[in-house]
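Heads up, the thing below is written out as structure tokens.
The values are calculated or read from the model by the stated rules, or taken from the named source; none is laboratory data. Please read these numbers as outputs of a predicted model, since none were measured by experiment. Every residue, glycine among them, receives a Cβ derived from its backbone with ideal geometry; neighbour counts consider all protein chains shown.
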Amino acid sequence: MAKDKKADKLKHLFQMINGNKRREWQAANQEGHDFFLDNQMSKKEQDALESQGMPTFTINRIIPIVEMLNFYATSNQPRWQAVAVEGSDSNLAAVHSDVADYIWYISDGPTIYSQVISDACSKSMGFFRVAIDSNRDRGMGEVVIDNIEPFDVYVDPKARDMMFRDAAYIMIYKVLPKAHLINLFPEYKTKINNANSNYPQDISTRIKGDGRDFQYQDITESWNVLGEEELLLDYYEMYEKVKVAYMNVFYHMEPTPEQIQQIEINVSSEMQGMIDEMNVQMKEQELALKQQLDAGQIIQERYEIELQKMQINMQQSIEQEKQTRLSKAMEEVSTTENTVVTEKEYNILIKGELKNNIVQATKFYDDKIKMSVCIGDKFLFESYLPGNEYPIIPVHYRWTGTPYPMSAVGPLVGKQQELNKAHQLMVHNASLGSSLRWMYYEGSVDTEYWEKFASAPGALLPINHGYEPPKEVLPAQLSNAFAGIVGEGKGDMEYLAGIYSSQQGDMGTQHDTYKGLLANDEYGTRRVKRWMKSTVEPSLKQLGIVVKDYAQDLYTAEKVFRLVQPSALQEDKEVTINKIQYNDLGKEIGMFNDYAAGKFDIRVITGATLPVNRWAYLNELKEMMQLGVIDDVALLAETDIKNKEQIAERKSMLAQLQGQIQGLEQTLKDKEGAIETLERQLVQAGIKDKIRMAEHDMRKNLLDASSKIKTDAAKAKAEQERMSKKMNDAAVNYEKDLRRNEKIQQANIAKNSALQNNSAKS
């Protein structure tokens, strides 16, 4: 019964969140999204135009604007950099950067990123979500990133933080078939089968729609593989930020029995030398007492007493030293450790074996994210998620200080309607001017004959006797203002969106010079870059933080991450974490890349996601290479030339060959110097025959080595020239292809523009 009360609580909360403001915001952004999808007229508006003989077409100028915004925002993929909090975590920070790339890759990050940006432009918000797919990696689980339909997300209306970090809750509401929910939660199959829903089966979840759309909210029917209609259930998923009590516990750890045994063995071994020394001293003292006894200085009874006393003192000294050494060794092995546990876990600890070992315990509160799931009238489960940040990360287009931001499409709707009406009127007027209409007296003509032949060239059109001929009815002259409305409306839409015709390939508004084109592109993308810098990159940073929390919580066992194309000139890369280290005796001594223990901050690499002009970037790299700042390999890494990894490898081999040639040349010089030295020594010794023989042998060796070096050098030089020519040809062809494609695009745009001008003149 308690769980049913929880289900009622979630449903009641949803009804409160889904108030008038939330519904108004969704309706406004749904309209903008409909316009983006070219659903720009309702059925009522379409029927009204058709009844008047008006055209119902639309010219969608919103699609190219949104697509260009998406292109600029996603032209570069995000990269995260982990910065170690402590110096010892530097290697782990570098490892996490690779782990983040791996998670982005297995999640199909580019597709998810593009969809989120598209949602932000057309629906005002897009959402990333971080989750753990427990079925991946053979049940070991993987951290994954996906996206959420913005209209399914309901945020605490009082949230004022752009990332919703101050929201008391975030809720996801969907309507799903029962079979689909069972596939999502097979362990709760019985509860799902018994769940009832208040969701009306014949009503769409769309706030605004006329049945003409084909968005997921409009699909209100579901059938299984047997052709049976599936029951639709309302699904509630709530994320709540709660305060959880924790205990920071310091406890003293005594040595284990194995450690005590080893300490005793070590101390006994160390004490043996001391015992031997004391035995020697004891014999010396015993001998001295014996001499005193023999000399009559002491009596037999005094001798025995002193001897016994010496033995007792020696035993006490040995035992005292042993205990001192044992205590010191025990103290060194004993440690005070620290751990953080929940208050509930702490209450268990103080009742167990560690209750006497606890030195200090400090209570504190920390934020945790509690996830609750409800289906219909059944509460399924609740759990605490890793970290203390919501796993749902928003990307806004225009932040308003509330959970109800603006889209890029919303301000364009009015202008799009204006353009549609202007075009419809102009086309309708042109149609009326090209199709004659007649005014006639009833009975004056054969109407069927006139309808059939009135527009036929050379046709004879009879009229009945006694009637005046029919008169042409010409349409009113359309005002030139309509053409101005179209042109100004187009410009207004570009101004509102910050995406201009030149950025969409309109050659009529582009500069003739290459630098002019670059400058136009630079200034044209400033608003996009500002949006990326102030809104998108903070969201990506928050995404990186959540991914870090989830990854450190999940990846606690040894795991090898394989990265596909981690850099421009690497085909693959492997990173290993949590690898246990053993000593020669097979005893565990530590862990390599202890991932969960690393402490580091997450940053988005500055400018990594900002739009970049490809040609301008490559020209800049060429200038850097000419100045000696970078080498040709670094330039090669940034190009799109095929097989650049193999080219770089061959260049490396050529560099090695050149180094070998230089080494051989130096060897020859050294041998020539040795020959000269030997000649001088032999002359001084007067051994001329040996000089001639040595000279002959050395010259022969020199000629053989020189010949081989020249042959190798010629081969290396030829290979270098061949590779350089291949690289230059590839670069030239690459640039020719780019310019050819640009010219084709420009020609197509010019052709289309000419067609449009001719059409307008007509």
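Return the residue satisfying two criteria in turn: it lies in the range 215-237 and is β-branched (Val, Ile, Thr) and surrounded by fewer than 14 Cβ atoms within 10 Å (Cβ to Cβ), and of such residues it is modelled with the highest pLDDT.
Looking only at the range 215-237, we keep the residues that are β-branched (Val, Ile, Thr), and these are 219-220, 225.
Restricting the remaining residues to those that are surrounded by fewer than 14 Cβ atoms within 10 Å (Cβ to Cβ) gives 219, 225.
Values: ILE219: 65, VAL225: 72.
Going through the qualifying residues, I end up with VAL225.
Does the range 67-77 include one or more residues that are touching a strand residue (DSSP E or B) at 6+ places or on another chain (Cβ under 9 Å), of a type in the set (Phe, Trp, Tyr) and touching a residue at least 24 places away in the same chain (Cβ under 8 Å)?
no
Let's see how each residue does on (1) surrounded by 13 or more Cβ atoms within 10 Å (Cβ to Cβ); (2) within 30 Å of MET163 (Cβ to Cβ):
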{"residue": "TYR239", "(1), (2)": "yes, yes"}
{"residue": "TYR251", "(1), (2)": "yes, no"}
{"residue": "SER269", "(1), (2)": "no, no"}
{"residue": "GLN297", "(1), (2)": "no, no"}
{"residue": "LYS309", "(1), (2)": "no, no"}
{"residue": "GLN315", "(1), (2)": "no, no"}
{"residue": "GLU319", "(1), (2)": "no, no"}
{"residue": "ALA329", "(1), (2)": "yes, no"}
{"residue": "ASN338", "(1), (2)": "no, no"}
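Within the range 340-360, can you find the residues that are touching a strand residue (DSSP E or B) at 6+ places or on another chain (Cβ under 6 Å), surrounded by 15 or more Cβ atoms within 10 Å (Cβ to Cβ) and of a type in the set (A, V, I, L, M)?
Listed by number, the residues that qualify are VAL341, ILE358.
Scan the range 250-274 for residues that are closer than 14 Å to GLU332 by Cα and either in contact with a Ser or Thr (Cβ under 7 Å, 6 or more places away or on another chain) or not hydrophobic (A, V, I, L, M, F, W, C) (or both) and report the count.
Of the residues in the range 250-274, the ones closer than 14 Å to GLU332 by Cα are 252-256, 259-260, 262-264, 266-267.
Restricting the remaining residues to those that are either in contact with a Ser or Thr (Cβ under 7 Å, 6 or more places away or on another chain) or not hydrophobic (A, V, I, L, M, F, W, C) (or both) gives 252-256, 259, 262, 264, 266.
Total meeting the criteria: 9.
Between residues in the range 168-185 that are outside any strand (DSSP E or B) and residues that are among the acidic types (Asp, Glu), which pairs lie under 9 Å by C-beta distance while being six or more apart or on different chains?
The qualifying pairs are ALA168/ASP156; ALA168/GLU240; LYS178/GLU230; ALA179/GLU230; HIS180/GLU230.
Within the range 357-410, which residues are hydroxyl-bearing (Ser, Thr, Tyr), assigned to a strand (DSSP E or B) and over 30 Å from VAL143 (Cβ atoms)? Steps first, answer last, please.
Residues of the range 357-410 that are hydroxyl-bearing (Ser, Thr, Tyr), as a first pass: 362, 365, 372, 383-384, 390, 397, 400, 402, 404, 407.
In the following step, the residues that additionally are assigned to a strand (DSSP E or B) were identified as 362, 365, 372, 383-384.
Matches in the range 357-410: THR362 only.
Quick one: how many residues across the range 320-338 are farther than 10 Å from PRO255 by Cβ and among the small types (Gly, Ala, Ser)?
If we filter the range 320-338 for residues that are farther than 10 Å from PRO255 by Cβ, which is where we start, we get 320-328, 336-338.
Keeping just the survivors that are among the small types (Gly, Ala, Ser) gives 327.
Selection size over the range 320-338: 1.
Kindly indicate whether ILE172 is at pLDDT 90 or above, over 30 Å from PHE561 (Cα atoms) and of a type outside the set (Ser, Thr, Tyr). Give the steps one after another, and end with the answer.
Details: at pLDDT 90 or above: yes; over 30 Å from PHE561 (Cα atoms): yes; of a type outside the set (Ser, Thr, Tyr): yes.
Considered against the rule, which asks whether it is at pLDDT 90 or above, over 30 Å from PHE561 (Cα atoms) and of a type outside the set (Ser, Thr, Tyr), ILE172 comes out as yes.
Consider THR525 against the criteria (1) at pLDDT below 85; (2) of a type in the set (Val, Ile, Thr); (3) surrounded by fewer than 20 Cβ atoms within 10 Å (Cβ to Cβ): it satisfies all of them except one. Which criterion is unmet?
For THR525, the exception is condition (3).
Surrounded by fewer than 17 Cβ atoms within 10 Å (Cβ to Cβ), part of a loop (DSSP other than H, G, I, E, B) and in contact with a Leu (Cβ under 7 Å, 6 or more places away or on another chain) - does that describe any residue in the range 59-69?
Within the range 59-69 (the criterion being surrounded by fewer than 17 Cβ atoms within 10 Å (Cβ to Cβ), part of a loop (DSSP other than H, G, I, E, B) and in contact with a Leu (Cβ under 7 Å, 6 or more places away or on another chain)), the answer is yes, since at least one residue qualifies.
Within the range 479-489, is there a residue that is at pLDDT 80 or above and crowded, with 16+ Cβ neighbours inside 10 Å? Write out each step before concluding.
Keep residues of the range 479-489 that are at pLDDT 80 or above, which gives none.
Within the range 479-489, not a single residue is at pLDDT 80 or above and crowded, with 16+ Cβ neighbours inside 10 Å.
So, GLU451, is that one at pLDDT 70 or above, surrounded by 11 or more Cβ atoms within 10 Å (Cβ to Cβ), under 60 Å from the mean Cα position of the chain (by Cα) and at negative phi or not? I'd like the intermediate steps shown before the answer.
Numbers: at pLDDT 70 or above: yes; surrounded by 11 or more Cβ atoms within 10 Å (Cβ to Cβ): yes; under 60 Å from the mean Cα position of the chain (by Cα): no; at negative phi: yes.
Spelling it out, it is not the case that GLU451 is at pLDDT 70 or above, surrounded by 11 or more Cβ atoms within 10 Å (Cβ to Cβ), under 60 Å from the mean Cα position of the chain (by Cα) and at negative phi.
Give SER268, SER317, SER327, SER372 a once-over and let me know the one that is under 30 Å from LEU181 (Cα atoms) and among the small types (Gly, Ala, Ser).
SER372
Please list, ordered by first then second residue, the pairs with beta carbon atoms under 8 Å, 6 or more apart or interchain, first in the range 295-320 and touching a residue at least 40 places away in the same chain (Cβ under 8 Å), second outside any loop (DSSP other than H, G, I, E, B) and not basic (Lys, Arg).
So the pair list comes out as ILE318/MET271; ILE318/MET274; ILE318/ILE275; ILE318/MET278.
Could you count how many residues in the range 393-402 are surrounded by fewer than 24 Cβ atoms within 10 Å (Cβ to Cβ) and closer than 17 Å to MET171 by Cα?
Within the range 393-402, residues that are surrounded by fewer than 24 Cβ atoms within 10 Å (Cβ to Cβ) and closer than 17 Å to MET171 by Cα number 1.
Look through the range 73-128, keep the residues that are closer than 30 Å to VAL409 by Cβ and part of a loop (DSSP other than H, G, I, E, B), and return whichever of them is farthest from the chain's Cα centre (by Cα).
This residue is SER124.
Contact list please: Cβ distance under 8 Å, first residue in the range 126-142 and on the phi > 0 side of the Ramachandran plot, second residue surrounded by fewer than 17 Cβ atoms within 10 Å (Cβ to Cβ) and of a type in the set (S, T, N, Q), pairs at least six apart or on different chains.
Final answer for the pair search is GLY141/SER134; GLY141/ASN135.
Looking only at the range 316-334, decide whether some residue is in contact with a strand residue (DSSP E or B) (Cβ under 8 Å, 6 or more places away or on another chain), of a type outside the set (Val, Ile, Thr) and closer than 27 Å to VAL242 by Cα.
Scanning the range 316-334, I find no residue that is in contact with a strand residue (DSSP E or B) (Cβ under 8 Å, 6 or more places away or on another chain), of a type outside the set (Val, Ile, Thr) and closer than 27 Å to VAL242 by Cα, so the answer is no.
What is the residue count in the range 150-183 for residues that are out of contact with any strand residue (DSSP E or B) (no Cβ under 8 Å at 6 or more places or on another chain) and farther than 19 Å from THR400 by Cβ? Reasoning before the result, please.
We begin by selecting, within the range 150-183, every residue out of contact with any strand residue (DSSP E or B) (no Cβ under 8 Å at 6 or more places or on another chain); these are 151, 157-161, 165-166, 179-180, 182-183.
This time we only want the ones that are farther than 19 Å from THR400 by Cβ, so: 179-180, 182-183.
Residues that pass the stated criteria total 4.
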